[in-house]
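Data block below; observations after.
Read-outs: derived from the displayed coordinates by stated rules, not from any lab. Note that the coordinates shown come from a computational prediction; the quantities given were computed from them, not determined experimentally. Every residue, glycine as well, gets a Cβ built from its backbone with ideal geometry; the counts of neighbours run over all protein chains shown.
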Amino acid sequence: MTQPYQKYICRTCGLIYDEELGDIDSGLAPGTRFADIPDDWYCPLCLVSKDDFVLIDESAKSASADQPKSKVSNQADVLIIGSGYAGWQTAEAIRKASPDSVITLLTADDGTVYPKPALSMALSQNRTPDDLPEATANEKANELGIGVKTRTKVMSINTQRKKVTTTTGSFSYAKLVLATGAKALSPKIAGDAAHEMMTVNDLNAYKKFYKLLLDKPKVTLIGGGLIATELAEDLRSFGVEVDMIVRGAHLMSQIMPEMISRNLAEKLKSRGVNLIFNSEVIEMNASEKGGYQLKTDQGEVLESGLVLAAIGLAPNIELAKKAKLKTNLGICINAYCQTSDPDVYAVGDCAETDGVVQAYLEPIRRQVKVLASHIAGDNSSQFNIIPTLIKTKTPSLAIMLSPPLKATHGQWEMNMQAGDNQRLFYTQGTEVTGFALSGDLVSTANALYKETYHL
């Protein structure tokens, strides 16, 4: 008897590999069993290896209620603040490098483990917010053999006494890791309903958005960056009307060359996304028709059921500043991910290296490996800033980018163009410091990435 097809999920980004469908873009025909996938295959979205995929086992979800509570120590060898991707990855890496260390993780929310990139593609995958969690905080803590304290807000850090004060008590540490992430930005606008503008930067916020979305036929997105663009496609796949208000003249203008951006914009328009460029919302009021009325600086008046801002993130550095750690855009770290206090580390969206904050998964994975090794006494590896590789979750046009770290003294140059297939390099003088691929050429991204940056 033929076994039923199974589904596997990437633990990093939430991409689902369905054996029945395969992955044609990666050369895997429909019906390819996961066990038969070559070992050098990588996640087409976040580029982690096959080993980072796990079987989706629906029967395992019902067993979570029987989990014993993790044991929390108020005197930790390593204390971690934050339960996003960076926080849990840090806990995993430290446990692997230091099997006997006492590790405690503090989080202000419930600490649910879930793939954050899935928030901008869940609708097209027919996944509800309840389908996204991979584990409760308690389950993950027990798996790693660490303690976790949820619903605990950190109020202050005393680096002299190596003590953290929280709403549920005090915790001492030998080493402290700040994985405080970043907060979603909202535009400052006028209007009696401006406070009802939503942002989606975590699972709890997504749950609220999803619940309201179910009876709203139209959503207005404010922003033209990566997340806003991905959400626009995802919402259209759900049958929702989408207005997208973009301050600039192009989508993803900070990371994507204009040529690919223009092509993507045409694809979005063909899918029914109403793109409004060179425009900013200045006022948001309750509408007599229900929902909201938006006014822009160009004189447009728009009606919408929901308004969602996706204009960027700001690193959470308040705790670090209060603790008198060095901060700039983010919490400043060295090549070992240490802050200005050598016993305090920072990782993820809150951390800054050489003036750059890289709010992507790949740099976080490298950071936590370096950090964990350093805490374990191994100084042989260092975190170096290099351009990251980004795959956009835009089904209408496959795109992979490696934008330059600082796009100030260079330009994008077309290297190849054939319909949707485009390859551009960002050059500064004679040096290539970034590239962008679209269409079928995305299949060459991993090899080109290694070649460009000599990895």
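Could you list, in their original order, any pairs among K326/K393; K149/K207; K391/K450; K269/K391; K183/K289 whose Cα atoms are separated by more than 25 Å? Beyond 25 Å between Cα atoms: K326/K393; K183/K289. Here each label is just a point 7 Å from Cα along the line to Cβ, and for E20 and K216 those points are 3.2 nm apart. Extension gain, K322 to H195: 0.36 nm times the residue separation minus the Cα-Cα distance gives 43.0 nm.
Summarised as an ellipsoid, the chain has semi-axes of 34, 27, 25 Å, derived from the eigenvalues of the Cα gyration tensor scaled by 5 and square-rooted, with the largest first.
The simple spin-label model puts a point 7 Å past each Cα toward its Cβ; for Q417 and L455 those points are separated by 2.8 nm.
Taking 25 Å as R0, compute the FRET efficiency from the Cβ-Cβ separation of D343 and M155 and round it to 0.05. After rounding, the FRET efficiency stands at 0.80. Among DSSP bridges having both ends in the chain, what percentage is antiparallel? Round to the nearest 5. About 60 percent, rounded to the nearest 5. To make sure I understand the rule: partners must be aspartates and glutamates, Cα under 17 Å from the Cα of K71, and not fewer than 8 residues away in the same chain. Which ones qualify? List returned: E92, D100, D110, E139, E143. Ordering L231, V368, S443 by the projection of their Cα atoms onto the charge dipole of the chain, which places +1 on the Cβ of Lys and Arg and -1 on the Cβ of Asp and Glu, puts V368 at the extreme positive end. As a calculated quantity, the FRET efficiency between S287 and I385 at R0 = 45 Å, using C-beta atoms, amounts to about 0.45.
Once the chain from D40 to L329 is taken as fully extended at 0.36 nm per residue, the excess over their C-alpha distance is 100.3 nm.
In the chain, helices alone account for a calculated mean residue ellipticity at 222 nm of -5500 deg cm²/dmol, with every DSSP H run of four or more residues adding -39,500 (n - 2.57). Length available on full extension from E258 to L55: 0.36 nm per residue minus the Cα-Cα distance, which gives 69.1 nm. Each label was represented as a point 7 Å from its Cα along the Cα-to-Cβ direction; for A407 and D109 these points are 2.9 nm apart.
Region 119-143 and region 226-257 have Cα centres spaced 24 Å apart. Taking a ≥ b ≥ c as the square roots of the eigenvalues of the Cα gyration tensor, region 178-262 is rounded, since a/c falls below 1.5. Centre-to-centre, using Cα atoms only, region 192-218 and region 355-416 are separated by 30 Å.
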